[in-house]
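The values are calculated or read from the model by the stated rules, or taken from the named source; none is laboratory data. Predicted model only: the values in this text are computed from it and were never measured. Glycine gets a Cβ as well: all are built from the backbone with ideal geometry, and neighbour counts include every protein chain shown.
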Amino acid sequence: MTRSSRHLMRVATPALAFAMALSACSGSAPSPSPSSSGSGASASSANGVTALSAAKIKPLVSSIGSQAGADLKPARLASGLTPPTNKWFSGLVFGGTAQPVFPMPMSFGLSGAGFSFGLPVITSSDKTIMGGYRPSIQVGAGADSWQVTRYDEMSVTLTGRKGGSPIGTVTIAQGSPFITFTAAGQRQITTNLPFAGSGSPWAVQAGEDRYGLTGSEGVSVSGGTVTVPDRGHATFYVMPEGGDAATMAALAASPLKATSSSYTLSGSTATTRLAYTTQNGSPTGIVALPHQQAGLVAGQSCDLGRYRSILGTLKLCRGTAMSWTTPTRPATAQLDLSGLDDTRRATLRKQVDADVQAFKPYPADTYFGSKALYRDAQLYTIAKQIGATSSATALRTRIVAQLNQWANPAGCGGRTSLCFYYDRTNRGIVGLTHSFGSEQFNDHHFHYGYFLYAAGVMAADDPSLVEKLRPVMTLLAADIASPSDTGAFPQRRNFDPYVSHSWASGTSPFADGNNQESASEAVNAWVGLGVWARAAGDSQLAGEATWMQALESASSLAYWTNFDTKDPVYKGFNHSITPLVWGGKRDYATWFSPEPAAALAILLIPMNPSSGYLGSDPARVRVNLGEALGSRGYRQTYGDLLLLYSALQGSAQRDAAIGQVPSLTSIDDSLTRSYILAYLYSLT
């Protein structure tokens, strides 16, 4: 979506539509409930997720009915490939003009008859950490068109053609400093700067950075011309600070062929493995991001040099794979109110009854409609636990009736809202009514995470609901979390295992790459997926959800709310959070409001029962709140979310927050006053 359209849509809605999955941790956090799960499990991606396999998904897709989708203009996508929406490289595929992309540590773009790349210059100012497209090395290849002809989790291959005939391919990958051109027929490609040397590797200085070039047998360089024999290759790279030229050339010798991710879960730890397969199986260079570095598995060599980036200082490793560990977090369906005394139970009963009486009809769109279902499901669990029987009964009737409408596979055959259909053009599930450009595949994980969360809460309470809800909920899960490309859905549409977070824009029509604002809504998606998976009895899907929740939680802390301000990249940046993270920059800004309270709140919402990870550093909570609250305190829009966040600092702040609840002037539509009280009461 465009910046202006999302801004207008956000502003048009008084209460911010947020969603977040916060994870329990030690210290001040909601007490785990009997329905929480996620830590202590053992699982592996090698087992797959049977429920999301092509064989299981095909009949579900047939049952829901299909419609032609929006024209996303996949002008540079080869026939037969699943449209890669919500990817770091989506801007290369969609739209009339290819956009730059950011396969760290590089930036890359198509330019005229060729391609360009370079290590971004990082400049930090008051509100922006900028590392935009830098075409330091410009390669003329003689192509008149380019198409993405292969992609996997971290790598992309583009084929250049002239007059319909291929002239060669270019392969780029996240986490790789290497860019390889492979010739179709003998080719002469040109460079804007002349590479020099007595033989491979050749080198050239571009500003403060040095670039290298090596190639297969028969590659020759003469000034700004590189001759590549048929099926031969030339690999370009940027030297890391403190790196060795001979070592880099050796690692570049065998081109990258494919990449993949896998994981294992053991106890309270997720181990992620990213494999980089070269043509001859030899080691290559793999770049470790800041959030990966602390958990790198022993035995990995990551001393080959450093790169600058908008995320902080990167380290170059040697190997055929990179593995690191991340703490897992429970995916908690409801708050645990078992320890409440009679006085607090009575207070909550009165508030629950008032909240139920104040409810309005459900919104009909996929974002606000799903968020309202999540809100009500949380209120239902509170009502049941405290003995607000009549309110619980009314809530259950209301929620189940609405879920049943959304979960009717034939719903879109007879109405134009409160239903889902399969978009056969773009290969995904789309809901009616559209919201925030969801027909362009914007924000699907935010929306569908709420649906899955609400369905999981209600199905855990009443297992008889599982089979009725399962077909559509399985399709929502497949849309955002398919562990493989089934042809009907891409592999993990939104989730990017390398950067360990999701991308929100469907087509990424931006010069700064793809982006994600509400990291908390992304975490909420995987918590919701886990809550549904456990209610449905699907341990494989629960394992997938636990892994994604662990990584998204870690990256949200590392790059949105709790980043290491001592890293040189933050010198000159005058804020403690970055609400909007792009491929090529990070902004202290939101799509919808200039208010400091909104900048922090978008990273908190909806403060679900798994939100404790946000309080892992109480001192940072205090710092982040300082700017967000300003002189207005909690009596402002989004003050309710900030109040819940403040309580993660400890018992004194929790007690103070309880006293502030009656004076709140704004309640976000992901919350109720009952939930705010219950959340604070549940903190241990």
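How do the strands (runs of 3 or more DSSP E) wholly within the stretch 139-181 filter down when requiring 1 or more residues that are in contact with a helix residue (DSSP H, G or I) (Cβ under 6 Å, 6 or more places away or on another chain) and either among the aliphatic types (A, V, I, L, M) or more than 21 Å from Thr191 (Cβ to Cβ) (or both): which remain?
The strands (runs of 3 or more DSSP E) meeting that bar are 145-151.
Check off (1) part of a loop (DSSP other than H, G, I, E, B); (2) in contact with a strand residue (DSSP E or B) (Cβ under 7 Å, 6 or more places away or on another chain); (3) farther than 22 Å from Gly199 by Cα for Tyr263 and give me the number that stays unchecked.
(1)
Within the stretch 197-212, restricting attention to residues that are part of a strand (DSSP E or B) and without any contact (Cβ under 8 Å) to a residue 24 or more places away in the chain, which residue is nearest to Val238 (Cα to Cα)?
Step by step, filter the stretch 197-212, then rank; the result is Gln205.
Given the conditions (1) over 21 Å from Pro609 (Cα atoms); (2) surrounded by 18 or more Cβ atoms within 10 Å (Cβ to Cβ), which single one is not true for Ala678?
For Ala678, the exception is condition (1).
Restricting the search to the stretch 39-82, which residues are among the basic types (Lys, Arg), surrounded by fewer than 18 Cβ atoms within 10 Å (Cβ to Cβ) and under 25 Å from the mean Cα position of the chain (by Cα)?
Selection gives Lys73 alone.
Considering (1) closer than 19 Å to Gly312 by Cα; (2) in contact with an Asp or Glu (Cβ under 7 Å, 6 or more places away or on another chain), say which one Thr82 fails and leave the rest.
(1)
Considering (1) hydrophobic (A, V, I, L, M, F, W, C); (2) within 29 Å of Gln99 (Cα to Cα); (3) in contact (Cβ under 8 Å) with a residue 40 or more places away in the chain, say which one Ala599 fails and leave the rest.
Only one criterion is unmet by Ala599, namely (3).
Which one of these is surrounded by fewer than 22 Cβ atoms within 10 Å (Cβ to Cβ), free of Cβ contacts under 8 Å to residues at least 60 places away in the same chain and farther than 26 Å from Val523 by Cβ: Pro361, Pro409?
Pro361
When the residues of the stretch 324-358 are filtered to those that are in contact with a helix residue (DSSP H, G or I) (Cβ under 9 Å, 6 or more places away or on another chain) and among the hydroxyl-bearing types (Ser, Thr, Tyr), which remaining residue is surrounded by the most Cβ atoms within 10 Å (Cβ to Cβ)?
Restricting to residues being in contact with a helix residue (DSSP H, G or I) (Cβ under 9 Å, 6 or more places away or on another chain) and among the hydroxyl-bearing types (Ser, Thr, Tyr), the top hit is Thr332.
Considering only the stretch 297-320, I want to know if a residue exists there that is out of contact with any Lys or Arg (no Cβ under 6 Å at 6 or more places or on another chain), modelled with pLDDT of 95 or more and assigned to a helix (DSSP H, G or I).
Scanning the stretch 297-320 turns up no residue that is out of contact with any Lys or Arg (no Cβ under 6 Å at 6 or more places or on another chain), modelled with pLDDT of 95 or more and assigned to a helix (DSSP H, G or I).
Looking at Thr381, Thr347, Thr343, which is the one that is more than 24 Å from Ala504 (Cα to Cα), without any contact (Cβ under 8 Å) to a residue 12 or more places away in the chain and of a type in the set (Val, Ile, Thr)?
Selected residue: Thr343, the only one of Thr381, Thr347, Thr343 that is more than 24 Å from Ala504 (Cα to Cα), without any contact (Cβ under 8 Å) to a residue 12 or more places away in the chain and of a type in the set (Val, Ile, Thr).
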